[in-house]
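Take a look at the structure set out below.
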Amino acid sequence: MAFVEPITLSSRGIALVPLALSHEVGLGAAAADGELWKLRITSVPEPQDTRGYIETALQMREAGNRFAFAVTEQATGTVLGSTSYHDILPAVKRVEIGYTWYAKRCQRTHVNTTCKLLMLSHAFEVLGCNVVGWRTDNFNHASQRAIERLGARKDGVIRGHAMRRDGTIRDTVMYSLRSGEWPEVKAQLLYLLDKPRAQANDKE
């Protein structure tokens, strides 16, 4: 039995469904909204490479070290982006959240906060994780700010850790959240989603 079993997570009009080849066209359209693949600090696939992106994610699911979701609009099934549990370590009950990106029209909305609430709730309350981690490019300051606003703690920087799509070598900033810290973080996420005009102003 895999540590992360196939499941659909949904709330507030957003559904995280297991990524499948059937999402190829929708995922390509989401990536094309804002030409996200041109950002050197992300791993968003070019539209013509979407099938390969999904196939790689499915291979990693089979190996047990990544479980990718398509982020969808629950009412229509429209694909808005993708996110994953990865670096899954069942022995110590740890997962990381990453490979996260959204169509430009969904950025700076309630979508990311909703996804994080769903994934963190499942990780801590269903999977029984002790720790959830994140990692991001040292130049991806927007991502770092978003992770820090969640309440995650910066663990440090791994220098010369990974290759970017343009061939340069990046430093990786590591963050984590422990299970004991989750109740306060959950309360903050719910506050952000429930406050007036949250969907228009939320910048998580």
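You will find that of R66, R51, the residue that is in contact with a strand residue (DSSP E or B) (Cβ under 8 Å, 6 or more places away or on another chain) and not aliphatic (A, V, I, L, M) is R66 and no other. Of all residues in region 131-183, those that are assigned to a loop (DSSP other than H, G, I, E, B), in contact with a strand residue (DSSP E or B) (Cβ under 6 Å, 6 or more places away or on another chain) and under 21 Å from K93 (Cα atoms) total 1.
Do we have V44 as in a loop (DSSP other than H, G, I, E, B), hydrophobic (A, V, I, L, M, F, W, C), more than 20 Å from R153 (Cβ to Cβ) and touching a helix residue (DSSP H, G or I) at 6+ places or on another chain (Cβ under 9 Å) here? Here the answer is yes, as V44 does meet what is asked. Applying a threshold of 8 Å to beta carbon distances and a minimum spacing of six or more residues, or different chains, the list of pairs starting in region 107-125 at a residue that is outside any helix (DSSP H, G or I) and ending at one that is at pLDDT below 95 reads Q107/G34; R108/D202; R108/K203; T109/Q199; T109/A200; T109/D202. Here is a check on your reading of the model: is G98 at pLDDT below 95, closer than 18 Å to S43 by Cβ and not in a helix (DSSP H, G or I)? Here the answer is yes, as G98 does meet what is asked.
Just one of (1) surrounded by fewer than 17 Cβ atoms within 10 Å (Cβ to Cβ); (2) in a helix (DSSP H, G or I) fails for T76. It is (2). Just to verify a result, which residue in region 85-101, among those that are in contact (Cβ under 8 Å) with a residue 60 or more places away in the chain and in contact with a strand residue (DSSP E or B) (Cβ under 7 Å, 6 or more places away or on another chain), is surrounded by the fewest Cβ atoms within 10 Å (Cβ to Cβ)? Filtering first and then ranking leaves I88. Residues that are of a type in the set (V, I, T), buried (at least 17 other Cβ atoms within 10 Å of the Cβ), closer than 20 Å to S84 by Cβ and out of contact with any helix residue (DSSP H, G or I) (no Cβ under 9 Å at 6 or more places or on another chain): does region 153-173 have at least one? Checked against the condition, which is being of a type in the set (V, I, T), buried (at least 17 other Cβ atoms within 10 Å of the Cβ), closer than 20 Å to S84 by Cβ and out of contact with any helix residue (DSSP H, G or I) (no Cβ under 9 Å at 6 or more places or on another chain), region 153-173 yields no hits at all. Given the criteria under 25 Å from V44 (Cα atoms), in contact (Cβ under 8 Å) with a residue 60 or more places away in the chain and among the basic types (K, R), does R159 qualify? No: the conditions fail for R159. If we scan region 41-63, do we find a residue that is under 16 Å from H122 (Cβ atoms), surrounded by 17 or more Cβ atoms within 10 Å (Cβ to Cβ) and modelled with pLDDT of 95 or more? Checked region 41-63: at least one residue is under 16 Å from H122 (Cβ atoms), surrounded by 17 or more Cβ atoms within 10 Å (Cβ to Cβ) and modelled with pLDDT of 95 or more. Considered as a group, the residues in region 185-198 that are on the phi < 0 side of the Ramachandran plot and surrounded by fewer than 10 Cβ atoms within 10 Å (Cβ to Cβ) include one that is modelled with the lowest pLDDT, and that residue is P196.
The values are calculated or read from the model by the stated rules, or taken from the named source; none is laboratory data. Quick caveat: nothing in here was measured; it's all calculated off a predicted structure. Here Cβ is always computed from backbone atoms with ideal geometry, including for glycine, and neighbour counts include all displayed protein chains.
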